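Down below is the structure, laid out as structure tokens.
Coordinate-derived values only; no laboratory data. Predicted model, so just to flag it, every value in this text is computed and none were measured. Reconstructed Cβ throughout: ideal geometry from the backbone, glycine too, with neighbour counts over all protein chains shown.
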Amino acid sequence: MLLRSAAALLLYLVAHMPLAALAEGLAAPTGRVILTVEGAVSHTNAGTTAQFDREMLERLPQHEIETSTPWASQVVRFAGPRLSDVLDLVGARGARLHATAHNDYKAEIPVADAAKHGVVLALKADGRYLSLRERGPIWIVYPLDSDPSLVEAGAGDRMVWQLARLRVE
Amino acid sequence: MKARASLRRGRIAAAMVLIGLLAGGFGSVWLVSSERERAAEALRTGTWIVVQAEVESLRLLDALAGFEIGDVDRQEMIDRLDIFWSRIPLMLDGTDSLAVARVGHRETAAEILGELPALEERIATFSPGDGSYSALRRDVDSMRARLHDVALEVLGRRSDSGDIQRLLDSYTLITGWMVVALLSGAALFGMLLRQLRRSAELMEESREAAAAAARSAAAALEADRAKSRFLAAASHDLRQPLNAAALLLGALRTRITDRAAIPLVEKASYALGRLGEQLNMYLDLTKLDTGAIRPEVRATPLQPILDSVAAGFRELAAEKGLRFRLVPTSLWIRTDPDHLERALSNLVSNAVRHTASGGILLGCRRSGDRVRIDVIDSGPGIPEDQRERIFEEFFQIGNTERASEGGHGLGLAIVDRVLRLLGHPLDLHSELGCGSRFSVWLPQAESQADAHGVGDEDAASRPAAPREQVRVLVIEDDGLVAESLCLVIESLGHRCVTASSAEEAVTLTAEGVPVPDLIIADYRLPGLSGLDAIREIRAMAGRVIPAALVTGDTDPGLRTMALAEGVGFLVKPLSPDQVAGLLSGVAAAQEARQVPAQTGQSLARRGSVEVSSMA
């Protein structure tokens, strides 16, 4: 009887876990960690944080943003997972993200931006992986060209390159 | 009902003019605010990318040093190289790179980018203790130094032309409109009021007119507020990036373990600080030019103003090893104390900045019904052909080296504007290699303390300092008094030797120091008195050397005694002009090859004039 109710409880818990988290099980990264998400997150794989290697991020649906930026004269085709998918995956509960880059640049990003603008955590530019030297391994990309109001709203400051950590608040 | 019709026509015309003016004014506000944002943004990011690149080069240096001593692993060092590397293309491509291109440094950035692959190879094979560290360090530091120069140039260029200039042009345009709108608002207000009084029978219309006038007054007030808001916004937008850069450099300073890099960061911090100061000054200047600042002239004692100016610079002067002396006064003047203090502070700031050794003297004297405030320094002096130009914005003597030491081009422009606003003339005396004297003339005011005014009336008619150089022996036991006296003497182009006692003065003369042309001695000295010293030295020289006795007490017996011996008698505190008077008297005598004794006599007479004016 006890065993049966324990099994039922287990089944209940499993049934209510978010599907993505279940699929991933948020496995521990096997490669070099390129992104750490911390703060108000419910699914973690390293202490209180969720860590990702590149492979984990590439397993999510990949999206493209083709846009010009203030930092280059050419239009660039960025590709990577959506920020909103990553936040769902770690069970983020908060309104603000604090992004920190490898060069210690910090920016605050409203969580609402992720869904509203389809913000992408770009891993590639024009089909090539972004190295640290090319402002990778992750570059937060807004579709600047498709929404002219973004530049005025300060999206440029939120396009953090060399992204290392996200803290959810 | 003819009056009623004409009033209506006048009102319609007035309203149309006012609407036109306000529309024009706000149209220019709109035009200009987008321009302002663009300029502020360019300033923020354009400066930022070069400063950031230099910062990353410093962090790379830090990582190399850390790797050499085993504090940092290879991956972290390579990451640092990559982060540094990622900064360089930003100076070559994209909107931010325009700032670099404008100062002609695209090649510098391209050159650094070209050197990076070789550097990468060397870093890849670098291992701790293999002897390659110092060469790596040197080469990265050379990149850093080049970036530093670019950063300073971008900062410098932007501060004195380009965007700020454009911003100011925009600002001038908008304030021009505001002033026109304000003036016409006031004129319309007056006109409407006059008509209102004239036509008592048109009570109905009068009420409407009054309401219209109130509306126009409110609009004018709003226009004035808009101007203030614009100023505040402009200063905020420009200060913010500067502040951020300064903070960043400050944080960086604490992280550097490479000793050689520390002074460079400090230099950068200093340059940023100066830029901020310059910006504040520019905003002040703008406010002055547009009449946002209005003086409030009133009778006020001078001493508190001088005290407050002095308080701001004593420490700075001491840090530079300069003497700073403030001559006390009991005079009252008619001025706006805040504005005068600002002008004097700028003068003193300038003096402290440009004086490498010696000191600064701040004092005043009365001349007729006017008061002259002097700021005297023993700095390098100002060449004749540049005396007009130093009052222009952004003019400075010398080269950029000088600028990085703290010269700036705005202080005197502000002084000039403020003093014009107050109606106080400014004049300048300067001797190359000796020093400069800036003098501000103000009207004297009546005061309670005025009953015993200090000063000698014949000073104004004194001849200009002759070219003859006078050797002065100062005998004074108070080191500071002696030094400041010497400072004044040297600033007038003469030479000065000091002795702290009568005995020392006599010994100096006996040891073959050239016989002085003038002795200025304190009466009260440890041991023999100043008068004794004068007698002794005159006896040794075998002639009556011109001399003056300076004393704090006004004992009439002492005065008589001194005058009887042909020794001038002066009461403390000595003003720089009294000293100048003494020196020009002696120099004139030398020039005219007069008998020294006569000069002694004339000095004695002058001394008696001084004393009688004290009574």
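To the nearest ten degrees, helix A:2-16 and the longest principal axis of the Cα atoms of chain A are 20 degrees apart. Projected label points at B:S142 and A:S131, each 7 Å from Cα along the beta carbon direction, are separated by 2.3 nanometres.
Please work out the Cα convex hull volume for the stretch A:25-168 and give it in Å³ per residue.
Enclosed volume per residue, from the Cα hull, is 101 Å³.
Sequentially through the stretch B:487-501, phi angles give Karplus couplings (6.51, -1.76, 1.60; θ = phi - 60°) of 4, 4, 4, 5, 5, 8, x, 9, 9, 9, 10, 10, 9, 8, 8 Hz, Gly and Pro residues having no value and appearing as x. Please find the FRET efficiency linking B:T125 to A:S146, where r is the Cβ-Cβ separation and R0 is fixed at 35 Å, and quote it to the nearest 0.05. Computed FRET efficiency for B:T125 and A:S146 comes out at 0.15.
Taking 0.36 nm per residue of sequence separation and subtracting the Cα-Cα distance, how much length would be gained by fully extending the chain between B:D307 and B:Q386, in nm to one decimal?
Using 0.36 nm per residue and subtracting the Cα-Cα distance, I get 25.4 nm.
When chain A is treated as a GNM with alpha-carbon contacts under 10 Å, the residue of A:P81, A:P137, A:P148 showing the greatest mean-square fluctuation is A:P148.
In this Cβ point-charge picture (+1 for Lys and Arg, -1 for Asp and Glu), the stretch A:25-168 has a dipole of about 360 debye about its Cα centre.
For B:L525, the amide hydrogen comes within under 5 Å of the amide hydrogens of B:G530, counting only partners 5 or more places away or on other chains and with H modelled in the peptide plane. Using the Karplus relation 6.51 cos²θ - 1.76 cosθ + 1.60 with θ = phi - 60°, the per-residue 3J(HN,Hα) values for the stretch B:48-59 come to 4, 5, 6, 4, 4, 4, 5, 4, 5, 5, 5, 5 Hz, with x marking Gly and Pro. Note on B:A211 and B:K320: with the Förster distance fixed at 56 Å, the Cβ-Cβ geometry gives a FRET efficiency of about 0.35. Backbone phi angles across the stretch B:124-138, fed through the Karplus curve with coefficients 6.51, -1.76 and 1.60 (θ = phi - 60°), yield HN-Hα couplings of 5, 9, 6, 10, x, x, 8, x, 8, 4, 5, 5, 4, 4, 4 Hz in residue order; Gly and Pro are listed as x.
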